[in-house]
């Protein structure tokens, strides 16, 4: 068996676009087995995007630039909270907002992001990302879950933490600003 025929060969790293894989198989192709690696809780850039509810993902900046990952997970909209973008993908709707850390004067932009998620998720899967997928994106997703999915802020925060252990949503930010 040649190297190119090997299951670990480079041509087998990416799922062929014409073959359907479950989401866990796709994520394992890019990130190994992240649930078995405790360092991934600390290293947010080596952690896959997390599906919080069907069709709503939290990820990091690098996830948003990985076109193969975006295509294989069938992400159709990206909410970028960093204010910086280097790649746009054909067929993917992008919303780019600058939401500062620690959210100074960013509430109107964050509310725009929540509304965008509510509109897009009806038609396509949505990836919400900031730099590490730890603070800003979980906070915006928590607000979406409360406003549009009738969850309490505590339940939404617990769900996000269960699905993305490194997430630190800040509900108090919505109250302060």
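Rule-based calculations on the coordinates, nothing more; no lab input. Nothing here was measured: the structure is a model prediction, and the numbers come from that model. As a convention, Cβ positions derive from the backbone with ideal geometry for all residues, glycine included, and neighbour counts pool all protein chains shown.
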Would you mind ranking 126, 134, 141, 96 so that the residue whose beta carbon has the fewest other beta carbons within 10 Å leads the list?
96, 134, 126, 141
Using r as the Cβ-Cβ distance of residue 153 and residue 68, and R0 as 25 Å, what FRET efficiency do you calculate, to the nearest 0.05?
0.10
Okay, which of the range 137-177 sit inside 11 Å, backbone N to the point 7 Å along the Cα-Cβ direction of residue 53?
142-152, 156
Taking neighbour Cβ counts within 10 Å as the exposure measure, how do 148, 61 sort from fewest upward?
148, 61
Distance in nm between pseudo-label sites at residue 107 and residue 85 (7 Å out along the Cβ direction from Cα)
2.6 nm
